[in-house]
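To start, the structure itself, in C-alpha cells.
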Amino acid sequence: MVFSSHIFVYYFLPAALALYYALYRAPQRWRNASLILMGYVFYGWANPKFIFLMFGTTFLDWLLSLVVAYDSWRFWRDWGGECRPLPRGARTRTQRWAVIGSVVSNLAMLGFFKYFNFGVDSYNALVEGLGLGAARWDTFFRVVLPLGISFYTFQSMSYIIDVYRGEAKAMRNFADFSCFVSMFPHLVAGPILKFSYLADQIENRRLTLDKFARGVAFFGLGMAKKILLANPCGKIADLAFDSGSVGTLDSWFGAVAYAFQIYFDFSGYSDMAIGLGLMLGFVFARNFNCPYRSQNITEFWRRWHMSLSSWFRGYLFTPLEVATRYRMTPAWRTPVNLMITMLLVGLWHGASWNYVIWGGIQGAMMAAEQIRGKKGFYNWLPVPLRVAVTFLIVIVSWVFFRGGDLSHIMGYLGTMFGLGQAAPGAGLLGGIIYQPYYLASFIIAGYVVWRVPDTWEATQKLSWWKVALVLGLFLLALVVLRTQEYNPFIYFIF
C-alpha cells in the first residue's frame, strides 16, 4: 500500500485517523497500540507473511537492548530498577556482544533478502567470464524482497546503538518500541529516524490543531508533487530510456525528466509521511531541502534524503573516522572514508552494480571536493553556473541509478554527449514526449525545483491563501489520480 493510492486515501487513512482520535482522551499506551495495529495492517497489505519478519526483528532488538541496558543476559532479575540512559564510558563484554548480535542479525537478514539474488547472479557472471561454466550455481531458489526492509532495519538498529552509546534509554515496554518501528507514516520509505529523535514523542506527545493543519498541508502538497509532477515526468523518462533508439535532445529531455521524477516522487512521499506524522502528533525530521539548488555534491548530500545522510554519517562515517584516526594521514582519511560510505550508500539502495557505480560517482566527487577544500573544482564560477554544473553531475549519475544493463546505460550516456547514432525512426519519440501536457509538467517541475520554497518552509505559517492553494492542488491531484494508470513509486522497492 502506498500513500498515493485510492485504498489509502479513501479507506485506510480515514479509518486510521478515526480510530486514533477516538482514543484522544485515552492513555498514551492505547494510542500507541492503535498505531501498532495500523502499522501492521499497512505493512502486511501486500504480503502478510512479511509481518512476521518485521515482528521478529523488532522483538530481537528489544530483548538485546535490555541486555545492554541492564548489562546482563538475565535482565529480568533487575526488572524493577529504573531504566536510564547508560553513562558514557567503557562497556562490558556482555553489552558489546549484545549490540554486535543485533547489528549482525539485522545486516544478515537485510543481506539475505536484498542481495541473495544479486550475489548468485554476480557469481555466475564471474565464473562464466573466467570460462568456468561448470562452476555455475543454478538454483531455482529466488528471494522476494520484503517492502521497506532497508528502512525499518536501519531504524531498529539505530535504537540499540543509541542505547549502547548512552544517547537514549532502553524501553522496557515492548509496545512502545514496536510503535517506533511499525509506525506506518515512515515504515516503508522513511524518513529514517534515529530512535533518540522520537523516543520522548512516543511516550509524551500532544495532539494540536496547529499540528494537524500543518500535517494536512504537508500531505496535500506531497500528493500534488507525486501525482501532478513526478508521474508525468516519470512517463517522459520511461519513454526515453526504454526506447530502442533515442536522439541527443530526447536523451537529455528524458534524463532531466528522470531527475525531476525521482525528486518529486521521493520528496513528495516524504512530505506525505511528515504530514501524517503531524496529524498523529509526531514531528519528524526534515528529509529534503531543495537539493537541486546545491553548489557542489557535498552540499547536495546535505539537502538530499537528509535522514539517510544523517544515519550513515552517525553510524558509519563518524565511526570510520575514529577508527582510522591514527592509521591514515588526515589529508586522505576523510576522502577515503567518504568513498567507502558512499559506495555502501549505493549498495543500500539496491542489489545492482548500477547503484554501486552511482554511489562511486557521488563518493568520488565528495572525496575530490574534500581534498581540494575551499578551492574546489568550480568554486570560481558564479553561483548559477556552480548550481548548473552540480545538477549536470547529478543527472549523469542518475542515468546509472535509473537502471538497465550497463551496455544500455553507456549507450544512453554516449547519445547524451553526441557519441551515439540514432536510428532512422528515433524521431517518432518526439511526437509523444513533447506533447503539451508533458511539456507543461516538465516546465512547471523545473520552476518548482529552482524558484518555489520547499514544503517545510512553505508550511511554517499557513495563511488563508496558502490553505486555499493547498486544498486546490490536493483536490486536483485526487482528480488526476482517478484518471492516471501510471503511478509508480521508485523508493517502494528499496
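The values are calculated or read from the model by the stated rules, or taken from the named source; none is laboratory data. Computed from a predicted structure; not experimentally measured. Backbone-built Cβ (ideal geometry, glycine too); neighbour counts: all protein chains shown.
Among the residues of region 89-119, which ones are of a type in the set (A, V, I, L, M, F, W, C) and outside any helix (DSSP H, G or I)? Scanning region 89-119 gives a single hit, Ala90. Filtering region 409-435 to residues that are within 17 Å of Val356 (Cβ to Cβ) and in contact (Cβ under 8 Å) with a residue 12 or more places away in the chain leaves Ile409, Leu413.
Applying the set (1) within 26 Å of Trp30 (Cα to Cα); (2) at pLDDT 90 or above; (3) charged (D, E, K, R); (4) surrounded by 18 or more Cβ atoms within 10 Å (Cβ to Cβ) to Asp210 leaves exactly one unmet item: (4). Kindly provide the set of residues from region 120-144 that are in a helix (DSSP H, G or I) and free of Cβ contacts under 8 Å to residues at least 24 places away in the same chain, ordered by number. Matches in region 120-144: Val120, Asp121, Tyr123, Asn124, Ala125, Leu126, Val127, Glu128, Gly129, Gly133, Ala134, Ala135.
No other residue among Ile443, Ile432 is out of contact with any Cys (no Cβ under 6 Å at 6 or more places or on another chain), assigned by TED's automatic domain parsing to the domain that holds Phe219 and modelled with pLDDT of 95 or more apart from Ile443. Within region 475-490, residues that are not assigned by TED's automatic domain parsing to the domain that holds Leu221 reach no partner that is at pLDDT 75 or above and in a loop (DSSP other than H, G, I, E, B) with beta carbons closer than 7 Å at six or more positions or on different chains. Ile236: more than 19 Å from the chain's Cα centre (by Cα), hydrophobic (A, V, I, L, M, F, W, C), closer than 30 Å to Pro382 by Cβ and assigned by TED's automatic domain parsing to the domain that holds Thr455, yes or no? Here the answer is yes, as Ile236 does meet what is asked. Is it the case, given these coordinates, that Gly254 is touching a residue at least 24 places away in the same chain (Cβ under 8 Å), part of a helix (DSSP H, G or I), over 30 Å from Ser407 (Cα atoms) and not charged (D, E, K, R)? Answer is no for this residue.
Here is a check on your reading of the model: is Leu462 over 30 Å from Ala388 (Cα atoms) and outside any helix (DSSP H, G or I)? Yes.
Looking only at residues in region 149-188 that are crowded, with 23+ Cβ neighbours inside 10 Å and assigned to a loop (DSSP other than H, G, I, E, B), the one that is modelled with the lowest pLDDT is Val188. Just to be sure, is Arg286 surrounded by fewer than 20 Cβ atoms within 10 Å (Cβ to Cβ), in a loop (DSSP other than H, G, I, E, B) and of a type outside the set (Ser, Thr, Tyr)? Here the answer is yes, as Arg286 does meet what is asked. When you look at Leu221, is it farther than 25 Å from Gly404 by Cα and modelled with pLDDT of 95 or more, yes or no? Criteria met by Leu221. Figure legend. Inter-residue proximity from region 1-16: first residues of a type outside the set (A, V, I, L, M), second residues assigned to a helix (DSSP H, G or I), beta-carbon distance below 6 Å, spacing 6+ or different chains. Indicated pairs: Phe3/Met272; Ser4/Lys226. If you check Ile262 against the conditions, is it surrounded by 23 or more Cβ atoms within 10 Å (Cβ to Cβ), β-branched (Val, Ile, Thr) and in contact (Cβ under 8 Å) with a residue 24 or more places away in the chain? Judged against the criteria, Ile262 is not a match. Listed by first and then second residue, the pairs with beta-carbon distance under 6 Å, at least 6 apart or on different chains, first residue in region 294-309 and within 20 Å of Gln155 (Cα to Cα), second among the aliphatic types (A, V, I, L, M), are Ser307/Ile192; Ser307/Ala285; Leu308/Ile192. Please indicate, with yes or no, whether at least one residue in region 356-368 is crowded, with 19+ Cβ neighbours inside 10 Å and farther than 24 Å from Ile409 by Cα. Yes - at least one qualifying residue is present in region 356-368. Given the criteria free of Cβ contacts under 8 Å to residues at least 12 places away in the same chain and not in a loop (DSSP other than H, G, I, E, B), does Asp210 qualify? For Asp210, the condition - free of Cβ contacts under 8 Å to residues at least 12 places away in the same chain and not in a loop (DSSP other than H, G, I, E, B) - is met.
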